[in-house]
1. How far is helix 76-88 tilted, in degrees, relative to the longest principal axis of the Cα atoms in the chain, given as a value from 0 to 90 rounded to the nearest 10?
2. If you filter segment 1-76 for GluC sites (Glu not before Pro), then keep DSSP loop positions with at most 13 other Cβ within 10 Å, what is left?
3. 222 nm [θ] for the chain, helices only, -39500 (n - 2.57) per DSSP H run of 4+, per residue, to 500?
4. Taking a cut-off of 19 Å, what percent of all Cα-Cα pairs in segment 19-86 are separated by more than that?
5. Place a label point 7 angstrom from the Cα of Asp204 along the Cα-to-Cβ direction, then list the residues of segment 158-177 whose backbone nitrogen is under 14 Å away.
6. Identify all aspartates and glutamates with a Cα-Cα distance to Lys18 below 20 Å; exclude those on the same chain that are fewer than 8 residues away in sequence.
7. How would you classify segment 121-268 from its alpha-carbon gyration tensor, with a ≥ b ≥ c the square roots of the eigenvalues: rounded for a/c under 1.5, else prolate if a/b is greater than b/c, otherwise oblate?
8. Quote the relative contact order of the chain in percent (integer), defining contacts as alpha-carbon pairs under 8 Å separated by 6+ residues.
Amino acid sequence: MFRDFTQVLDCAKRLETKDLIVANPEDKSILIAINDAFQMGLIRPVLVGNKPKILDLLMELGIRKDGYEIYNVNSDEEAALISVKLVSKHENAVLMKGQLQSSILLKEVLDKNHGLTTDKILSHIGVIDIPSYHKLLFITDAVMNILPSEEDKKEIIKNTSSFVNSLGIYIPKIALISAVEIINKDIPSTVEAANIVESLKDIDKFYIGGPFSVDVAISHESAKSKGVNHVVAGDADVLIFPNIESANTFYKVTTFLANSTPVGLLLGASNPIVLTGRTDSYKSKLYSIALAVVSTDIVC
């Protein structure tokens with residue numbers, strides 16, 4: 001079980017090198033993260049974008065192009081198409097979004113002709129290393145699913161639990177988040193949370209509880225003061241948010257106000273997909289690559 005991203009990085013260094021196909025990597029922080037991952041032996045870089053611009057950036061950064069495979073394309077749409085096609089040909093390859101809109105890349109990912117879709121829902125997993133929390137915190141869905149239904153959330157929970165299992169968290173503690181801990185018909189997320197907990201409570205692959213407010217989910221003191229006695233309360237591994245607004249807000253607030261490091265991946269496709277934000281730091285991008293590598297192999 002990983003406590004922070006340095007442990008994830010150390011694990012990735014001991015695993016098989018993966019092909020990393022990057023759509024539009026024309027950004028300094030992305031290229032630095034890719035090169036560091038390359039030098040550590042985590043990945044073989046395959047860059048798809050404006051080749052002259054990529055070469056200029058590599059030269060400006062003092063990065064040798066030896067070992068890089070670079071495909072020249074003329075548009076974001078072509079970069080997405082070629083990248084997805086390349087990933088579909090390699091079972092152990094990792095796809096990474098560079099400097100293009102997520103919707104452009106996802107259009108190609110969702111195209112059944114490319115072979116990346118599965119019978120699973122596509123969902124985003126955010127992994128956050130918050131200095132004040134005692135372990136890595138997983139949240140969903142801050143990017144992909146806008147207003148997931150009860151059934152969608154069950155599928156997202158399946159994606160998420162399988163993913164955290166692959167990282168050595170064998171019985172994760174999953175909290176369904178709302179504003180309050182009691183069922184209130186005027187707050188639909190509380191009703192949904194209760195229904196989901198009731199339908200999944202007998203599954204032995206994870207502990208699940210809710211509705212919980214965020215403080216109850218991650219603080220023993222808050223849980224105790226509010227009289228919530230549950231195995232998940234105060235010790236959650238995973239926060240399932242009711243909608244994209246709440247998840248995205250939490251993701252960004254912890255990043256910019258709590259000095260946390262976020263990592264983002266897309267789950268549910270046949271291959272791992274690194275889906276970081278344009279404002280994410282170099283460290284976020286490097287750790288996202290490392291986490292994708294670890295998720296495709298045996299845990300260290």
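1. 80
2. Working: sites: Glu16, Glu26, Glu60, Glu69; in loops: Glu16, Glu26.
Here the GluC sites (Glu not before Pro) that fit, given the DSSP loop and packing criteria, are Glu16.
3. On the way: 11 runs with 121 residues, N = 300.
Theoretical 222 nm ellipticity from helices: -12000 deg cm²/dmol.
4. Numbers: 533 of 2278 pairs.
More than 19 Å apart: 23 percent of the Cα pairs in segment 19-86.
5. 171
6. Asp10, Asp36, Asp66, Glu69, Glu91, Asp297
7. Judged from the Cα gyration tensor, segment 121-268 comes out rounded (a/c under 1.5).
8. Details: 616 pairs, mean separation 71.4, N = 300.
This gives 24 percent for the chain.
Bear in mind that the values in this text are calculations on the coordinates, not laboratory data. Please read all numbers here as calculations on a predicted model, not as lab measurements. Positions of Cβ are backbone-derived with ideal geometry, glycine not excepted, and every protein chain shown enters the neighbour counts.
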